[in-house]
Structures are given as C-alpha cells and as structure tokens.
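Derivation of every value follows stated rules applied to the coordinates shown; laboratory data play no part. What you are looking at is a predicted structure, and each value in this text was computed from that prediction instead of being measured. No Cβ is skipped: glycine too gets one built from the backbone with ideal geometry, and neighbour counts run over all protein chains shown.
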Amino acid sequence: MDEIVFFNPGDSIGNFHDHNEAVKTAQIYKQQQHDKKVLVVHGANNQSFDIFLADDAITHNNETSHQNPKEKPYRVSDQL
C-alpha cells in the first residue's frame, strides 16, 4: 500500500527525473546529516522524484492551515 504524505514543495532538497539519481543523492545527504530521516517521494506530477526531510512532512501536529494551497501530496518511494 502506498503511503501518501504532504509537503510544501519549497522544502524539497532536490528534484530529479531519474529515481536512481534521486536515491543516490538522498544517500549522500543522509551521510552528511546522520540524525535526519530522508524520504525520496514520487513527485506530485508523477513524472519526477523529490527528496525531503521526513521532519518536513505536514501532519496534524505541525500544520498551519487545513486549506494551505502550498501543500502537495507525494507518494513515498524510499525511506533512508
């Protein structure tokens, strides 16, 4: 089952058209930021992959508005 998460696209660490390139970049970022959980997600347009910090996911605990137009749904591809 796919996990859908919401992020502000402006929080993206990177955007890639190639899944392997996105994962490799996320692994490098993870090595530099040992205490951070990194997610590779399938982009909102289903044509790209984005990298986000898991802490940047919008949840009920940290959301600022239920109607924030900057929020976009993403499907988690990899968790590092």
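Considering the range 21-50, the residues that are under 12 Å from the mean Cα position of the chain (by Cα) and in a loop (DSSP other than H, G, I, E, B) include one that is nearest to residue 71 (Cα to Cα), namely 44. Scanning the range 4-20 for residues that are outside any loop (DSSP other than H, G, I, E, B) and in contact with a strand residue (DSSP E or B) (Cβ under 8 Å, 6 or more places away or on another chain) returns 4, 5, 6, 7, 9, 11, 14, 15, 16, 19. Restricting the range 7-35 to residues that are in contact (Cβ under 8 Å) with a residue 24 or more places away in the chain, of a type outside the set (Asp, Glu) and surrounded by fewer than 13 Cβ atoms within 10 Å (Cβ to Cβ) leaves a set whose member that is farthest from residue 50 (Cα to Cα) is 10.
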